[in-house]
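Enquirer: If you scroll down you'll find the structure; I have some questions about it.
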Amino acid sequence: MSPLEPLIDGHGRPIGDVRVSVTDRCNFRCQYCMPAEGLAWLERPQLLTYEELERLVRLLAAMGVHDVRLTGGEPLVRRELWRLVERLAALEDVHDLSLTTNGYLLAKQVDELVAAGLRRVNVSLDALAPDRFFQLTRRDSLAQVLAGLAAAQRHPELRPIKVNVVALKGFTEPEVVRFAEFARERPFEVRFIEFMPLDADQAWDMDQVLPNDEIRAMIDAVYPLVADDRPAHATATTWRFADGRGRIGFVSPVSVPFCDDCNRIRITADGMLRTCLFSLHETDLRGLMRDGGDDGELEAAIREAVWSKELKHRINDPGFRQPARSMSRIGG
Ligand code: SF4
């Protein structure tokens, strides 16, 4: 597809990164995300097909959106995900193709995903103690997740491998130094992510947020850290261990928002374009495609939505409204 005008929002920010949710379903029941019984899942016809996803990603890539991250729910529960990876990896203008997963099915699927063209993976892992893992995810599956990480590690072309830890006050503190040691002993970049108001129960409260500067202080007291420079558009700030044994990252949307140079948009599994994680509005791309809209109409709809992209989230502002759509229905 020949290059189109770059996609720019109304604040002059170029959009370069799209998070694509391929399903709202998940095989875990993390306490901070969804209730034990799960949610009312989308029916198959409501999901974008791999052909539709490829069409959207191809169009966005032609507009300069070269980084694509596949998310869920849990993306590996979508059948034959490697087929989608293969399609997207074949697109000339897709420069970076990554996946965020809870790791449960990773050991089974990583070979075919890498063969299809996957080059980066983020694994969500919030506890390293089996009982605490069970307490949080309502699944006795820590061993499978660690096996998934070990399987990913065997693919040198799959780098970096990041481990995302959602930090919760009153839960994560005993895990902090354990995760620092995990990052020091293995080729994984561990990143602590502050808990965001995107839970399905809409029960989020600032008191549940464990600020990253507290976590960093806990680690620094045991393993001194040195700050890295923050690359443009990065969601994480990273710190090296002073003795050179690895790196650790902090994604701090609540305490240190990084919206100023945000270059991200999202596509939900049912084909809605979200210009911010906390958007209260969405644009229906699925309907436009299924009503026979051509690429010109799709492009126009995307540009119009992105032109009104939110300047920033308003979590810390009075009157903040949590989006109706929860994280598992948006994708990270
Ligand atoms: S909260 Fe919205 S504007 Fe801020 S970094 Fe996230 S997606 Fe971008």
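Enquirer: Suppose we keep just the DSSP beta bridges with both residues in the chain; what percent of those would be antiparallel, to 5?
Expert: Restricted to the chain, the bridges split so that about 30 percent are antiparallel.
Enquirer: Relative to the present Cα-Cα distance, how much length would full extension add between PHE320 and ALA221 at 0.36 nm per residue of separation?
Expert: Separation in residues times 0.36 nm, less the Cα-Cα distance, equals 32.1 nm.
Enquirer: Over the chain, what is the mean sequence separation of C-alpha contacts under 8 Å (at least six apart), divided by residue count, expressed as relative contact order in percent?
Expert: Across the chain, relative contact order equals 21 percent.
Enquirer: Can you tell me the order of 36-49, 55-68 when each peptide is scored by its average per-residue count of other Cβ atoms within 10 angstrom, highest first?
Expert: Values: 36-49: 13.3, 55-68: 21.5.
The most tightly packed comes first, giving 55-68, 36-49.
Enquirer: Hey, what do the phi angles of the stretch 186-200 turn into as Karplus ³J(HN,Hα) couplings, whole Hz, using 6.51/-1.76/1.60 and θ = phi - 60°, x for Gly and Pro?
Expert: 10, x, 10, 9, 7, 10, 8, 10, 5, 5, 10, x, 9, 7, 5
Enquirer: Still on this model: Magnitude of the Cβ-charge dipole of the chain, K/R +1 and D/E -1, about the Cα centre, nearest 20 debye?
Expert: That gives the chain a dipole magnitude of about 660 debye.
Enquirer: Any aspartates and glutamates with Cα under 14 Å of the LYS162 Cα? List them, leaving off those in the same chain fewer than 8 positions away.
Expert: Of all the aspartates and glutamates, those that pass the test against LYS162 - Cα under 14 Å, at least 8 places apart if same chain - are ASP126, GLU185, GLU189.
Enquirer: On to the next question. Can you pull the percent of the stretch 69-116's accessible area that's carbon plus sulfur, 1.4 Å probe, other chains left in place?
Expert: Details: 820 of 1950 Å².
Here carbon and sulfur together make up 42 percent of the probe-accessible area.
Enquirer: Further, regarding this structure: The stretch 68-176: which GluC sites (Glu not before Pro) are DSSP loop and have at most 12 other beta-carbon atoms within 10 angstrom?
Expert: GLU80, GLU92, GLU157
Enquirer: Bins of 10 Å, beginning at zero and ending with the bin holding the largest distance: percent of Cα pairs per bin for the chain, please.
Expert: 6, 26, 36, 25, 6, 0
Enquirer: Any idea what angle helix 295-307 forms with the longest principal axis of the chain, computed on alpha-carbon atoms, 0 to 90 degrees, nearest 10?
Expert: 50
Enquirer: For the chain, what does -39500 (n - 2.57) per DSSP helix run (n ≥ 4), summed and divided by total residues, give at 222 nm, in deg cm²/dmol to the nearest 500? The partial results should precede the final answer.
Expert: Numbers: 9 runs with 91 residues, N = 332.
One gets -8000 deg cm²/dmol as the mean residue ellipticity at 222 nm.
Enquirer: Here is a further query. Return one whole number: the accessible area per residue of the chain in Å², for a 1.4 Å probe.
Expert: 43
Enquirer: How tilted is helix 106-116 with respect to the longest principal axis of the chain? Cα atoms for both, answer in degrees (0 to 90, nearest 10).
Expert: 40
Enquirer: Continuing with the same structure: Which whole-Hz couplings ³J(HN,Hα) result when phi for each residue of the stretch 13-25 is put into the Karplus expression 6.51 cos²θ - 1.76 cosθ + 1.60, θ = phi - 60°, listed in order with x for Gly and Pro?
Expert: 8, x, 9, x, 9, 10, 9, 10, 7, 9, 6, 9, 7
Enquirer: What is the angle, in °, between the Cα long axis of helix 50-62 and the longest principal axis of the Cα atoms in the chain? Nearest 10 is fine, range 0 to 90.
Expert: The helix 50-62 is inclined about 90 degrees to the chain.
Enquirer: Across the stretch 1-119, how large is the tail of the calculated P(r) beyond 21 Å, expressed as a percent of all Cα pairs?
Expert: So the pairs more than 21 Å apart make up 43 percent of the total in the stretch 1-119.
Enquirer: Quick one: net charge of MET272's neighbours, Cβ under 9 Å, K/R +1, D/E -1?
Expert: Its environment carries a net charge of +1.
The values are calculated or read from the model by the stated rules, or taken from the named source; none is laboratory data. This is a predicted model, so every value here is computed, not measured. Because the Cβ atoms are built from the backbone with ideal geometry, glycine has one as well, and the counts that use them run over all protein chains shown. For the accessible areas, the whole protein counts, side chains as well, though only heavy atoms, and no ligand, DNA or RNA atoms are used. Shrake-Rupley method; radii C 1.70, N 1.55, O 1.52, S 1.80 Å.
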